[in-house]
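To start, the structure itself, in structure tokens.
The values are calculated or read from the model by the stated rules, or taken from the named source; none is laboratory data. Please read all numbers here as calculations on a predicted model, not as lab measurements. Here the Cβ positions follow ideal geometry from the backbone for every residue, glycine too, while neighbour counts run over all protein chains shown.
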Amino acid sequence: MCGALLATSAVAKGLFHGSPWSLDVSGGFASPLAAQLIRDADLIVGWGCALNMWTTRHGHLIGPQATVGQVDLDPDALGAHRTIQFGVIGGVTPTAQAATAAIADAQIGYRSERIRKEVEQRIRWRDVDYHDTSTADRIDPRTLTIALDDMLPDERVIGVDSGNFMGYPSMFLSVPDEAGFCFTQAFQSIGLGLATAIGAAIARPDRLAVAALGDGGALMGVSELETVTRLGLPMVVVVYDDEAYGAEVHHFGPDGDPLDVVRFPPADIAAIGRGFGFEGVTVRDPADLAPVRDWLAGPRERPLLIDAKVTSAHGSWWLEEAFRGH
């Protein structure tokens, strides 16, 4: 009614999937166009979300011209992270209904034909140009994830572990709705992604469950591979393998700290998966994904583990912003 665009915090990714006015995620995972449109808004309202450092990029996504409001059931949540101009204590649905009733006439606001076309063409990360850093023996994680996004069925549920890699599946894999994305970051700990994806696979047997893990987190939770095969879950496990705890490498490395304890010797994670009863595929370039396409075509009698040997010369921009942005 007021002509607003729609965005979510990371955990609610997919909530507005299919809307021509959806910006996807606000925060570190926001595409350049999404960040620009949020920054230029004259009114930002957080509906049941905290507007914390992650969702607002340390406040940088809130322009100086913006009036900021929050709607929450908890009075202590209002203004807890950001200065707000108004707060409403109430449930999201009844407050939205009351606000709609109070708006006499629908406004164009951001919902112009020009903005609709820009969102259609440029809001997805996969539509943003990038320099492919793939080498002879390692694949750019963006190239990998875009290829997987094309292959995986639309009806999917993605469980994402924590680490330097986590933005790639979060930003380049689409999900059909908010139930299609399971984000394990509340504990700020790696190693929870595989167990989370197993829970999603059990909860939604109608969808293909995909666990997106870093090699550090995958090896921490490696015993859960046995759970997958024992339960007969036809799921996909993708390991972004950079032979390190990548977040620590890129966070502490620039300051000259020793990195020997956060770098790993090469591991054949595909072979480890086969030892647990998976089909295992090692991916170093897009052509290596052909067996993935064959597995998806059926009959999917065993789960699939993809050991993706990814490039990692530079830290992820979303974690660099989080670590050093303030």
Inset, instruction - May I ask you to list the residues in region 173-191 that are crowded, with 20+ Cβ neighbours inside 10 Å, among the hydrophobic types (A, V, I, L, M, F, W, C) and either in contact with a Pro (Cβ under 8 Å, 6 or more places away or on another chain) or at pLDDT 95 or above (or both)? - result: Leu173, Val175, Phe181, Cys182
Legend entry - Residue in region 202-220 that is assigned to a loop (DSSP other than H, G, I, E, B), within 20 Å of the chain's Cα centre (by Cα) and over 26 Å from Ser312 (Cα atoms) present: yes
Legend entry - From the options Val281, Val310, residue that is surrounded by 15 or more Cβ atoms within 10 Å (Cβ to Cβ), out of contact with any Lys or Arg (no Cβ under 9 Å at 6 or more places or on another chain), at pLDDT 95 or above and of a type outside the set (Lys, Arg): Val281
Legend entry - Residue count, region 168-183 (criterion: assigned to a loop (DSSP other than H, G, I, E, B) and among the aliphatic types (A, V, I, L, M)): 2
Legend entry - Any chance Asp127 is loosely packed, with under 13 Cβ neighbours inside 10 Å, at pLDDT 95 or above and under 25 Å from the mean Cα position of the chain (by Cα): yes
Inset, instruction - All but one of (1) in contact (Cβ under 8 Å) with a residue 24 or more places away in the chain; (2) within 25 Å of Asp154 (Cα to Cα); (3) of a type outside the set (A, V, I, L, M) hold for His58, so report the exception by its number. - result: (2)
Inset, instruction - Please work out which residue is surrounded by the most Cβ atoms within 10 Å (Cβ to Cβ), limiting yourself to region 1-38 and to residues that are among the small types (Gly, Ala, Ser), under 15 Å from the mean Cα position of the chain (by Cα) and farther than 21 Å from Asp129 by Cα. - result: Ala7
Legend entry - Where Thr95 falls short, out of the listed (1) farther than 28 Å from Leu33 by Cα; (2) crowded, with 16+ Cβ neighbours inside 10 Å; (3) in contact with a Leu (Cβ under 9 Å, 6 or more places away or on another chain): (3)
Legend entry - Test: Gly48 is within 20 Å of Gln185 (Cα to Cα), surrounded by fewer than 20 Cβ atoms within 10 Å (Cβ to Cβ), out of contact with any Phe, Trp or Tyr (no Cβ under 9 Å at 6 or more places or on another chain) and modelled with pLDDT under 95: no
Inset, instruction - Take region 292-301 and flag every residue that is surrounded by 13 or more Cβ atoms within 10 Å (Cβ to Cβ) and more than 25 Å from the chain's Cα centre (by Cα). - result: Arg300
Legend entry - Residue within region 112-126 that is under 25 Å from Asp307 (Cα atoms) and either among the hydroxyl-bearing types (Ser, Thr, Tyr) or touching a residue at least 40 places away in the same chain (Cβ under 8 Å) (or both) present: yes
Legend entry - Members of region 92-129 found to be in a helix (DSSP H, G or I) and in contact with a Phe, Trp or Tyr (Cβ under 9 Å, 6 or more places away or on another chain), listed by number: Val92, Thr95, Ala96, Ile115, Arg116, Val119, Trp125, Arg126
Legend entry - Selection from region 67-91 of residues that are closer than 15 Å to Cys49 by Cβ and part of a loop (DSSP other than H, G, I, E, B): Leu73, Asp74, Leu78, Gly79, Ala80, His81, Arg82, Ile84, Gly90, Gly91
Inset, instruction - Would you mention how many residues in region 130-150 are assigned to a helix (DSSP H, G or I) and either surrounded by 13 or more Cβ atoms within 10 Å (Cβ to Cβ) or not assigned by TED's automatic domain parsing to the domain that holds Leu173 (or both)? - result: 9
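Matching residues to (1) free of Cβ contacts under 8 Å to residues at least 60 places away in the same chain; (2) in a loop (DSSP other than H, G, I, E, B):
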site: Gly253; (1), (2): yes, no
site: Pro266; (1), (2): yes, yes
site: Glu301; (1), (2): no, yes
site: Asp307; (1), (2): no, no
site: Ser312; (1), (2): no, yes
site: Trp318; (1), (2): no, no
site: Glu321; (1), (2): no, no
Inset, instruction - Kindly list the number of the only condition in (1) at pLDDT below 95; (2) buried (at least 17 other Cβ atoms within 10 Å of the Cβ) that fails for Pro234. - result: (1)
Inset, instruction - Would you be able to say whether some residue in region 159-174 is over 13 Å from the mean Cα position of the chain (by Cα) and not hydroxyl-bearing (Ser, Thr, Tyr)? - result: no
